[in-house]
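Structure record follows, encoded as structure tokens.
The values are calculated or read from the model by the stated rules, or taken from the named source; none is laboratory data. Keep in mind the model is a prediction, meaning the values are calculated, not measured. As a convention, Cβ positions derive from the backbone with ideal geometry for all residues, glycine included, and neighbour counts pool all protein chains shown. Keep in mind that these areas ignore ligands, DNA and RNA; they rest on the heavy atoms of the full protein, side chains included. Shrake-Rupley method; radii C 1.70, N 1.55, O 1.52, S 1.80 Å.
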Amino acid sequence: MKCLVYTCVFGEYDWIFPPILREAGLDYVVVTDDTGLAVTGWRTLVVDVECFRGAKAANLHHRSLIHRILSGYDYSLYVDGNIRLLGRISKFLEDFSDSGAAMGLYRHPIRSSVREEAETCLKSGKVAEPDRLEAELAYYRSDGFPDDMGLVETGIILKNHRHPDLDRAMALWWQLFEQFGTRDQITLPYVLWKTGVSCMYHADSFRGPNPYFGLYTHRGDQRAPRFYGYVEGRAYDSLCYAAILRAWRFSWSVRRTFRPLLKGIGGSR
């Protein structure tokens, strides 16, 4: 079983760290536009973003059609750039292989419908062109999409490259992104319904403690201090960084606890 483990990082949006356990028989590839990126344990595939409609399109193109771009693999595992590989990924892939499904996905831990996700993205300003999003949702409704399948996460995706239904589903995912250019998490549930592609859904969430994946803050997240994500990512394999992270989080909790009191004192003067 030849397996690909890959991530896509464009515009220096994420820190990339070596897999904590690098296993023989797995190929680790970073798809990026950074010609100077070199991370131990990962092979770099440099992509010209100018061939696409921006970094977001380049990311989704490789996430959806990697089986065409890097052929010769039986299975692949995509992970977002802010996910650290921790344990025996081969075991994770074997469990998926045993299922016989075309794709392996995690269900969204909070929201359960595309409409909910769309409203959340609109409120948080994650959609640059709201009219295009509304047009996309209208298109899905007109086609009979029931929106009762549940929402999925797109940060971790398993694929069976040998499955006869995979290519059609992934080609449609890319086609819809080219057409509407909104959010992959909104488009994928429609693709799953439209194509009927078989999926294995994980019972847990990769966001909580687990033996395979560790989540950390995006490098490009403007809401966090500049190097906070770097410290989080390194905390998985360094006692020093783990101690720094605990101290950082403790200081925040103290400030959150006393902020109302300090505001009250200031307001009473």
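Which cross-chain or sequence-distant (5 or more) residues have an amide H under 5 Å from the amide H of residue 45, H modelled 1.01 Å from N in plane?
30, 31, 32
Using a 1.4 Å probe over the heavy atoms of the protein chains, calculate the carbon and sulfur portion of the accessible area of region 1-112 as a whole percent.
48 percent
Would you list, by chain and number, the lysines whose Cα falls below 17 Å from the Cα of residue 123, excluding same-chain residues fewer than 8 positions away?
none
Over region 116-269, with every protein chain in place, what whole percent of the accessible area is carbon and sulfur at 1.4 Å, could you tell me?
It is 53 percent, rounded to a whole number.
Restricting to Cα pairs below 8 Å that are 6+ residues apart, what does the relative contact order work out to for the chain? Please round to a whole percent.
That works out to 23 percent.
What number do you get for region 9-104 when its Cα radius of gyration is normalised by 2.2 N^0.38 Å, N = residues?
Taking the Cα Rg and dividing by 2.2 N^0.38 Å, one obtains 1.11.
If you plug each phi of region 64-74 into the Karplus form 6.51 cos²θ - 1.76 cosθ + 1.60 with θ = phi - 60°, what whole-Hz ³J(HN,Hα) values come out, in order, with x for Gly and Pro?
Once rounded to whole Hz, the list reads 7, 10, 4, 5, 8, 6, 10, 7, x, 9, 7.
With every protein chain present, what is the per residue accessible area of region 26-181 (1.4 Å probe, Å²)?
That works out to 44 Å² for each residue.
So how compact is the chain: Cα radius of gyration and Dmax in angstrom?
20.1, 72
State the answer as a single residue: which of 20, 31, 51 lies farthest towards the positive end of the charge dipole of region 1-125, with beta carbon charges of +1 for Lys and Arg and -1 for Asp and Glu, about the Cα centre.
20
Please give the charge dipole size of region 195-254, origin at the Cα centre, charges +1 on K and R Cβ atoms and -1 on D and E Cβ atoms. Round to the nearest 20 debye.
Taking the Cα centre of region 195-254 as origin, the dipole is about 240 debye.
Eigenvalues of the Cα gyration tensor times 5, then square-rooted: what semi-axes does that give for region 137-237, in whole angstrom, largest first?
Ellipsoid half-lengths, sorted descending, are 31, 18, 13 Å.
Along region 36-52, what does the Karplus equation 6.51 cos²θ - 1.76 cosθ + 1.60 (θ = phi - 60°) give for ³J(HN,Hα), rounded to whole Hz, x for Gly and Pro?
Ordered by residue, 3J(HN,Hα) equals x, 6, 8, 10, 3, x, 10, 8, 9, 10, 8, 10, 7, 5, 5, 7, 10 Hz.
Roughly how many Å² of residue 205 are accessible to a 1.4 Å probe, to the nearest 10?
40 Å²
State to the nearest 20 debye the size of the charge dipole of region 1-151 about its Cα centre, where the only charges are +1 on K and R beta carbons and -1 on D and E beta carbons.
That gives region 1-151 a dipole magnitude of about 320 debye.
Out of region 174-242, which trypsin sites (Lys or Arg not before Pro) are coil in DSSP terms and have no more than 11 other C-beta atoms within 10 Å?
Hits after loop and neighbour filter: 223, 226.
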